[in-house]
Each structure stands twice: as C-alpha cells, then as structure tokens.
Amino acid sequence: MAIHAPEGTRDLLPDEALFWERFKRTAAEVFGRYGYVPIDTPIIELTELFVRGIGEATDVVGKEMFTAISGANLAMLLDGGTIKGKSRLSLRPEGTAGVVRAVVQHDLVPQGAPPAKLMYAGPMFRAERPQRGRQRQFNQVGIECLGADDPTVDAEAIIMLMRFYDAMGMPADAMRLLVNSMGCETCRPAYRDAVRAYMEQHADALCDDCHRRIDTNPLRAFDCKNEGCAAVMADAPKITDHLCEDCQAHYQQVKALLDGAGLSYIEDPALVRGLDYYTRTVFEVQVDNGKRSQSAIGGGGRYDKLAEEVGGRPTPGFGFALGYERTMLALQEVGVAFPQVCRCDVFVACVDEAARDRAFAVVQSLRDAGVRSDMDHQQRSLKSQFKLADKLGVRFVVVLGPDELAAGKALVRDMGAHTETPVRLDGLACEMQALISR
Ligand code: HAM
C-alpha cells in the first residue's frame, strides 16, 4: 500500500510552496518597514517551556502537544542549574514561548536597550482533530516585540498585521478585528473569582471540561467549543467591567490609536484567546467561514509576565501570529487568485541531436548569467520541445539549429508576441537579461 502523509498534515506542492515563499516575503517586506528582523528558533523545545509559558491548563499544552522522551541524554538548564538526563521534548505548538526563551537566553533586551522586534515563520504542531483549516502541522508567520509596554507597540503591531492582509489582497470588509483587554495581575484575580462564582451557579449547563476549568482556569471556558458552554459564558461577567485604572487607561489608549489610524474593530469582552500568557491587550482577526473554531486567521496580544515565567527579568512583550493555511483559505474564498508561478523564463530548444551539446552549454551559460532557464532532457522532437516550453510558461524560446549555429547565432522566439529574432550567441546572455527585464 502506498504511504500517505500523516493525517492533519499537508504537502505544499511546488505551486503552493512558491506561494508560501511569496507569503513570507510579503510579511518580511511589510514587517521590515516597522523595524522587525528575523529570528529562527528550534522546532523542538523542552516541554517545560510550554508548560510554564503557555500554561498547563490550556488545551494547547494539556491536550494538543506532540511530546516525546528524548532518547539522548540532554543537559537542561533549568532554574540556573544544569540537570542531565532524558528530557521531555515537545514540537512547538506556537512560536512565542520559543522566541521569548531565546530573548532571555541571549539577553537580547539588556537594561535600557530599545525593544527587540523579531519576526519568524515556520511550522507549528498541535494534535487537534483535523478539519478544513485545522491541521496538526500548520504554518505561522509571527512577530514579537519585547522590551516596551507602551500602547503604541500594541496599536502599531495590529495596524501592521492589517497592512499585511491588505498587501496580500484581502479586502478589509471580509475580515473583522476583535479587541479586548485581559487585565493584569492586579485586576485579573478578582475577575477570575467572579467568573468562577458565575460558573458555579451554572455548573449544570457546563461540559465536563468546563467543570474542571472552574477550579483550574475558569477563563478558558470562554473559548470552549461546546455550544451549551458558549451560551452560558455569553452572560458571564465581563473583564472590561473589572479592569484596574492602569489597564483601563492602557486599553483606552490602544483603542484611540486604532481609531486614529482609521481601523474599525469590535470590542469583544469574551475574547480571552487560548493561551495563558496574555495580559492586557488581546486581539483576533476573524473571517466568516461558518465554523467558529476555525474563523481566526490571526491573533495575538500582550504578555508582560512571560519573560519572567521562563526565567528572565521583567520584560514586557507583545506579538501576534497568523495562520498561513487559514489565510490562504480566506483569500481563496474572496476570489484572490492563486497565482500560477512560472518556473523559468527561457527554454533552450535544439532542432536536431547535433545541437543538443550546444544547448546544454548555452543553457548553462544563461543560468550562470542569472537567467532562469531549462532545456529538454528526454530527447523530444522540436515540436514537443515547444509544447514543453509552453507548459513551463516560459516567455522566450532560444532555438539552436544547424544554420544558426554555423553563423554563431540562435533564434529567439518571443512566445507572447510570436516574433523571432536572430541573436549572436556571444551576446545571448546579455540580450536575454535585457528582454526579461523589459
Ligand atoms: P494562536 O491564536 O494560537 O496564537 O494561533 C495563531 C493563528 O494560527 C490562528 O489565528 C490560526 O490562524 C492559526 N492556527 C492555530 N492553530 C491552527 C491549526 N491547528 N491549524 C491551522 N491553523 C492554526 C498563537 O499561536 C500565539 N503564539 C500568537 C501570539 C504571538 N501571541 C503573542 N505573540
């Protein structure tokens, strides 16, 4: 039996893999304008990082991580001491914890330094039940800004994400931007108690998971996928009624900056996001796809305590990540075409077998000059070589025949204009570069 890719994973075949490259390039261009630079952290991390950073009571850590005991003896640096032994490693379910770990480990935000603005792209892993737009391995592009708690950081990043969607051709009216504030360690405990008390009153209508959440982490009940729980939680106390003065002021300023930038958003006091590290601003970009749990194409927020959770000094942070696959589905839904990517600009065809060796040398010299080119490798007839050139979507075919070669020339056919021009072989690379850049 043929072996297929594991459930919940997808092959990005060449056309889509090229599009994924374009997606990352566009993100790097847009985020680069805001001062973000790349960082690349390991796909595996100590499980402990996610337990501490994201929270044991979250679905992501409690139910969805791919974790293995490492066969190798690893030296672990935990709490300043080195422990040797077999360690538990997990595939990263998201990028923030790893980036914050790297920032702390390499002291990227020393005291008094400007904020570190970091961006990343790559695969994340969650053992969820696979569905359209929900995979076990999926790709994210994300940013993290560490070292500043000013509301301008939050607003700037949200605006930047919306600029990215715009650059990808996503119409603003096809998305909704939800914002909320999660409060801080001063105001959240009392709010959590209020939600716990409310859930206790409605315990009969809650699912088993939410029953457990009453004790472990009541706020997680806000993103329970069970419809009965969603109905109960819709009337739960609102965090925005419990914010302390500082959090209230911070939230007002973020909203004022978004207003000033002309962004429309919806305040959603039930938006708590699925990860425990958030403080203050949280936000999500959603599309209508009929599925509540897969409607988020991107989201993020502030996490002012995360650096301390992973052993660093107090370092406020803000970030977001967007899901590549869900964004792609949303783009297709609104009719943004999946571009056909042309692999080569030039095809070198030979009229007879005698010209084949020259074709091999000519195509090589074109590539050395930076021209994306190819030739036939299956001894096709000239007619079939033209068909192949057509399939590859090249703009020009360089034809090498006995008469042209005897005169030190080639015939260059413009596939769009249907014209043919003789070009000297010794100047062919320059001529092709000029034609392509026109
Ligand atoms: P998240 O909301 O868990 O946030 O994930 C961000 C995006 O990744 C989602 O909006 C969604 O588009 C995509 N995504 C999540 N899970 C899946 C899945 N199973 N299949 C397909 N796509 C998925 C985070 O990951 C945070 N690290 C964001 C952040 C950065 N917050 C602060 N900094």
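Under the rule of at least 5 residues apart or a separate chain, name every residue whose amide H is placed under 5 Å from the amide H of residue 183.
280
Throw me the Rg/Rh for segment 245-363, computed over C-alpha atoms with Kirkwood Rh, two decimals.
Numbers: Rg = 25.0 Å, Rh = 19.1 Å.
Result for segment 245-363 is an Rg/Rh of 1.31.
Quick one: check the C-alpha center-to-center distance for segment 393-408 versus segment 45-68, whole angstrom.
If we compute the Cα centre of each part, the gap is 61 Å.
Give the separation of the Cα centroids, segment 370-388 to segment 416-432, in Å.
The distance from the Cα centre of segment 370-388 to that of segment 416-432 comes to 16 Å.
Would you be so kind as to identify which of 366, 419, 378 lies farthest towards the positive end of the dipole of segment 346-437, taking Lys and Arg as +1 and Asp and Glu as -1 on Cβ and the Cα centre as origin?
Checked the options; the winner is 378.
Quick check on the exposure proxy: order 418, 242, 202 from fewest to most C-beta atoms within 10 angstrom.
418, 202, 242
Tell me, in nm to one decimal, what length is gained between residue 241 and residue 369 on full extension, where the rule is 0.36 nm per residue of separation less the Cα-Cα distance? If you can, show how the numbers build up before the last one.
Values: separation 128, 0.36 × 128 = 46.08 nm, distance 6.51 nm.
Stretched fully, the residue 241-residue 369 segment lengthens by 39.6 nm.
Could you compute the longest span of the chain free of GluC sites (Glu not before Pro) located in DSSP loops and having at most 12 other Cβ atoms within 10 Å, not counting the site residues? Before the final figure, lay out the partial values.
Values: sites that count: 7, 56, 185.
It works out to 186-438.
In this model, which of 238/305; 63/305; 117/225 are farther than 28 Å apart at the alpha-carbon?
Numbers: 238/305 22 Å; 63/305 23 Å; 117/225 34 Å.
Checking Cα-Cα distances, 117/225 exceed 28 Å.
Taking the Cα centre of the chain as the origin, how large is its charge dipole in debye, to the nearest 20, when only Lys and Arg (+1) and Asp and Glu (-1) carry charge on their Cβ atoms?
Details: 51 positive and 61 negative charges, 188 e Å.
Computed charge dipole of the chain: roughly 900 debye.
Find the eigenvalues of the gyration tensor of the Cα atoms of segment 346-437, then list the square roots of 5 times those eigenvalues as equivalent ellipsoid semi-axes, largest first, in whole angstrom. Please list the in-between numbers first.
Numbers: eigenvalues 55, 48, 33 Å².
For segment 346-437, the ellipsoid semi-axes come out as 17, 15, 13 Å.
When the distances between all Cα atoms of the chain are binned every 20 Å from zero, what whole-number percent does each bin get?
Per 20 Å bin, starting at 0, the Cα pair percentages come out as 22, 44, 23, 10, 1.
Tell me which aspartates and glutamates have Cα within less than 14 Å of residue 409's Cα, excluding those fewer than 8 residues away on the same chain?
Residue 409 reaches 420, 426, 431.
About its Cα centre, how strong a charge dipole does segment 191-261 have in debye, to the nearest 20, once Lys and Arg get +1 and Asp and Glu get -1 at the Cβ? Let's see the in-between values first.
Details: 8 positive and 13 negative charges, 31 e Å.
Rounded to the nearest 20 debye, it is 140 debye.
What is the distance in Å between the Cα centroid of segment 309-356 and that of segment 128-194?
Answer, in whole Å: 22.
Rounded to the nearest 20 debye, what is the charge dipole size of segment 346-437 about its Cα centre when +1 sits on each Lys and Arg Cβ and -1 on each Asp and Glu Cβ?
Working: 12 positive and 13 negative charges, 55 e Å.
Around 260 debye, computed over segment 346-437.
Of 5, 99, 329, which is farthest on the positive side of the dipole of the chain, counting Cα position, with +1 on Lys and Arg Cβ, -1 on Asp and Glu Cβ, and the Cα centre as origin?
5
From the backbone phi of segment 246-259, what are the Karplus-calculated ³J(HN,Hα) couplings (6.51 cos²θ - 1.76 cosθ + 1.60, θ = phi - 60°) in whole Hz, Gly and Pro given as x?
5, 5, 4, 5, 4, 5, 4, 5, 4, 5, 5, 5, 5, 4
Could you compute the net charge surrounding residue 27? Neighbours are other residues with a C-beta less than 12 Å from the C-beta of residue 27; K and R count +1, D and E count -1. Provide the component values of the computation, followed by the final result.
Details: positive: 22, 24, 25, 33, 163; negative: 21, 29.
Neighbour charge sum, excluding residue 27 itself: +3.
Helix-only mean residue ellipticity at 222 nm, the chain, DSSP H runs n ≥ 4 weighted -39,500 (n - 2.57), per residue, nearest 500. What is it?
Details: 15 runs with 156 residues, N = 438.
Value at 222 nm, helices only: -10500 deg cm²/dmol.
Any read-out appearing in this document is the output of simple, stated calculations on the displayed coordinates, not a laboratory observation. Fair warning: this is a prediction, and the values are worked out from it, not measured in the lab. When we count neighbours, we look across all protein chains shown, and the Cβ atoms used for this are built from the backbone with ideal geometry, even at glycine.
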